[in-house]
Every structure is written in C-alpha cells, then in structure tokens.
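The values are calculated or read from the model by the stated rules, or taken from the named source; none is laboratory data. Note that the structure is a prediction, hence the values are computed from the model and not measured. Cβ placement follows ideal geometry from the backbone for every residue including glycine, while neighbour counts extend to all protein chains displayed.
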Amino acid sequence: MIATIKFTQVMAGAARALVLAAAVIVFSGAALAETKEPSPAAAKIAREILDLKGTAALFVPVIPGVIERVRGMFLQTNPALRKDLDAVAAVLRKDAFPRAEEMMKDLTWLYASSFTEAELKEIAAFYRSAVGKKVIDLEPKIFDNAMSALKDWQDAFAEEMIKRFRAEMKKRGHDL
C-alpha cells in the first residue's frame, strides 16, 4: 500500500502526522491527568481504527525527515564530515524506524481513553463502511486542498496587512 501513495499524500500525511504528534505532546499531560487507563479491549479497537486509517504510514516520512534535518544541521557547521554524517544518518534511519510504533502506542492510548468502548466500536464500524473508506481515501486530498486554500488566504491577508501597515505608517511620517 505504501508504494502506491503519491508524493502529495505523503507530504500531507507528514503534515498531519506532525500536527497529530504536536497535539499528542501538548495534550498528553492533560489527558493523563484527566482520564483513566483504557481497557485492553478499548485499546485493541482504538488500534484497529488507527490501522484502518493508515495512521502508521503517516509517520514513515517523518522519521527520515527529522534525521535528514539533523544531518543537514550538522553538515552546515561541519561540511568536511559529509561522508561520516551520511553514514550515521543511514544507520539512524534503520535504527529509528521502530520509533513510529511508540507514537502509535501513544495515539492508541489517546483514542482508547478519549472514547468509550461502544463509541470506539461505532468509529471502527464507520471506517470499515463504504463511506468511511471514502473518507480515508479523500482525506489527504481534502487536506491538500485546504492547505492550498489556507496559503492563498494567508498570502492575500498578508498583502492587505502590508498595505494597511504602509498607510498607517505613512500617517506617522514613515514611508515603508
């Protein structure tokens, strides 16, 4: 299945994974304090939901991306170490790949502790249904379109703010 994923889906997936990871980090402390330990049955259903949605595939591009970013950071300050940094990055990519499972366990716990077992069963049934499968299929495209629309909106808003800053600054005797 991973081989058939398009680049835009991978990038959208990576973005969703980062947002999801950030949400896990930010809210996990509060979630730990406010919820009780989910049952093994709830955790099993929650994991099924994540598997149905292909959530694990979202973390695949994140791991090598982080490793590449760190390698690039060291490369900028130590260009002569390129060969060794490349070799270390290759080893770390292999070693770090199982780390995605850590995030999956955290997400499983969050799902399982956020919904009742009955709700989890309904969610899983939805994702197994034809319309649920359609949601899973279309979500990356919708996310891409939403991100594109957001960028267009931000660009237009920025232009508006530039004009307003200039006008207000001109009133104060400054030409920007």
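Assorted remarks:
- For region 62-82, the tally of residues that are assigned to a helix (DSSP H, G or I) and of a type in the set (S, T, N, Q) stands at 2.
- Count of residues meeting criterion [assigned to a loop (DSSP other than H, G, I, E, B) and basic (Lys, Arg)] in region 42-61: 1
- The residue list Ala167, Ala96, Ala146, Ala100 contains one member that is without any contact (Cβ under 8 Å) to a residue 60 or more places away in the chain and more than 21 Å from the chain's Cα centre (by Cα), which is Ala167.
- Filter pass, Ala146 being of a type in the set (Gly, Ala, Ser), within 15 Å of Glu48 (Cα to Cα) and surrounded by fewer than 16 Cβ atoms within 10 Å (Cβ to Cβ): no
- The single residue among Tyr127, Tyr111 that is modelled with pLDDT of 95 or more and either touching a helix residue (DSSP H, G or I) at 6+ places or on another chain (Cβ under 7 Å) or aromatic (Phe, Trp, Tyr) (or both) turns out to be Tyr127.
- The single condition among (1) at pLDDT 90 or above; (2) outside the structural domain of Glu37 (by TED's automatic domain parsing); (3) more than 25 Å from the chain's Cα centre (by Cα); (4) not charged (D, E, K, R) that Val135 does not meet is (3).
- Subset of region 103-121 (residues that are more than 18 Å from Gly54 (Cβ to Cβ) and under 25 Å from the mean Cα position of the chain (by Cα)): Trp109, Ala112, Ser113, Ser114, Phe115, Thr116, Glu119, Lys121
- Index of the failed condition, Ala90 passing every other in (1) more than 30 Å from Ala42 (Cβ to Cβ); (2) of a type in the set (Gly, Ala, Ser); (3) surrounded by 16 or more Cβ atoms within 10 Å (Cβ to Cβ): (3)
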